[in-house]
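S.K.: Starting off with a structure, shown below.
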Amino acid sequence: DNYWFSTATPSFLVNLIKEKNYFIPNLENAKSGISLLENFNIENLQIVPMLFQTGYLTIKDFDGTLFYLSYPNEEVKKSFNKILLDDFSGNYNAPVLAQKLGKAFKNENYDDVEFFINAIFNEIPYPHFKNADENYFHTIIYMALSLIGFNTKSELLNSRGRLDLALIFPDKVF
């Protein structure tokens, strides 16, 4: 069971992320200088320092200037994405639909992939769509696939342009 995450619900952090309209997929590859990580300005809270200070992000690398941050482990990543998905979508059936979406990807059943993506979005209450943009929909799918433990990478640059989202399996990439 997920013991670490069951000790507290990070509603303050979820509300801050929503208030700042932070693009969730960026959490996996956040960058920061030391001054930002030491930021304790209660009047202007920043997402990355708060998640670092509360243990939801940890230092993965340092290049002498910038710290590279990510989730400390899969348990935190999955749990945090589940809470975010539940809150952002208002759809508490999303984890079940995400499991089915993941199975459809694994089986390369593209009709089911389309069906379950639509099912996830169809269960989101109308008020959650207010002011929704591409980032909102991108984030919902990213969180759904991340919470079930899939290797998802966002905003990948390559010689042909930018991939919004890549779902990476050992033998294939979507």
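S.K.: For log10 I(q)/I(0) by the Debye sum over Cα atoms at q = 0.12, 0.16, 0.19 Å⁻¹, the choices are (1) -0.59, -1.04, -1.40; (2) -0.64, -0.97, -1.22; (3) -0.53, -0.96, -1.36; which was calculated from the structure?
M.R.: Correct label is (1).
S.K.: Expressed as a whole percentage, what fraction of the accessible surface of the chain belongs to carbon and sulfur atoms when a 1.4 Å probe is rolled over the protein heavy atoms?
M.R.: Carbon and sulfur: 52 percent of the exposed surface of the chain.
S.K.: Using just the helices of the chain, give the 222 nm mean residue ellipticity in deg cm²/dmol: DSSP H runs with n ≥ 4 each add -39,500 (n - 2.57), and the total is spread over all residues, rounded to 500. Don't skip to the end; give the middle numbers.
M.R.: On the way: 7 runs with 77 residues, N = 174.
Result for the chain: -13500 deg cm²/dmol, rounded to the nearest 500.
S.K.: Between Arg162 and Leu36, what length comes free when the chain is fully extended (0.36 nm per residue of separation minus the Cα-Cα distance, one decimal in nm)?
M.R.: The span from Arg162 to Leu36 would gain 42.6 nm if fully extended.
S.K.: Take peptides 68-74, 26-32 and line them up by average Cβ neighbours within 10 Å, highest first, as a rough protection proxy.
M.R.: Details: 68-74: 15.7, 26-32: 17.7.
Packing order, densest peptide first, comes out as 26-32, 68-74.
S.K.: Express the relative contact order of the chain as a whole percentage, based on alpha carbon pairs under 8 Å and six or more residues apart in sequence. Working shown, then result.
M.R.: Values: 199 pairs, mean separation 33.1, N = 174.
Value for the chain: 19 percent.
S.K.: Hey, another quick one. Rounded, prolate or oblate: which fits segment 72-174, taking a ≥ b ≥ c as square roots of the Cα gyration tensor eigenvalues, rounded meaning a/c under 1.5, else prolate when a/b beats b/c?
M.R.: Details: a/c = 1.34, a/b = 1.30, b/c = 1.04.
Cα axes put segment 72-174 in the rounded bin.
S.K.: Between segment 50-67 and segment 121-174, how many Å separate their Cα centres?
M.R.: 23
S.K.: When a/c reaches 1.5 or more, the comparison of a/b and b/c decides; with that in mind, is segment 119-174 rounded, prolate or oblate per its Cα gyration tensor? The partial results should precede the final answer.
M.R.: Numbers: a/c = 3.25, a/b = 1.58, b/c = 2.06.
Oblate shape, in that a/c is at least 1.5 and b/c is the bigger or equal ratio.
S.K.: Measuring from label point to label point, each 7 Å out along Cα→Cβ, what is the Asn107 to Val173 span in nm?
M.R.: For the pair Asn107/Val173, the computed spacing is 2.6 nm.
S.K.: Treating cross-link reach as a plain straight distance, find the aspartates and glutamates whose alpha-carbon is under 16 Å from the alpha-carbon of Lys18, omitting any fewer than eight places away in the same chain.
M.R.: Asp86, Asp87, Asp133, Glu134
S.K.: What's the ranking of 150-161, 125-136, 52-63 by average number of surrounding C-beta atoms within 10 Å, highest first?
M.R.: Values: 150-161: 12.5, 125-136: 10.7, 52-63: 14.4.
Output ranking for 150-161, 125-136, 52-63: 52-63, 150-161, 125-136.
S.K.: Take the Cβ-Cβ distance between Gln99 and Leu66 as r, set R0 to 30 Å, and report the resulting FRET efficiency rounded to the nearest 0.05. Kindly include the intermediate steps, with their values, before the conclusion.
M.R.: Details: r = 36 Å, r/R0 = 1.20.
Approximately 0.25, to the nearest 0.05.
S.K.: What is the gain in length, in nm to one decimal, between Gln46 and Asn151 on full extension, counting 0.36 nm per residue of separation less the C-alpha to C-alpha distance?
M.R.: 35.2 nm
S.K.: Using a probe radius of 1.4 Å on heavy atoms only, what accessible surface per residue do you get for the chain? Whole Å² is fine. Provide the component values of the computation, followed by the final result.
M.R.: Working: 9960 Å² over 174 residues.
Dividing the accessible area of the chain by its residue count gives 57 Å².
S.K.: Here's another thing I want to ask about it. Which value, in debye to the nearest 20, gives the size of the charge dipole of segment 1-138 about its Cα centre, when Lys and Arg are +1 and Asp and Glu are -1 at the Cβ?
M.R.: Numbers: 11 positive and 18 negative charges, 30 e Å.
Dipole about the Cα centre, nearest 20: 140 debye.
The values are calculated or read from the model by the stated rules, or taken from the named source; none is laboratory data. This one's a predicted model, so the numbers in the text were calculated from it and none came from an experiment. Please note: Cβ atoms are built from the backbone with ideal geometry, for glycine as well, and neighbour counts cover all protein chains shown. These area figures cover heavy atoms from the full protein model, side chains too; ligands, DNA and RNA do not enter into them. Shrake-Rupley method; radii C 1.70, N 1.55, O 1.52, S 1.80 Å.
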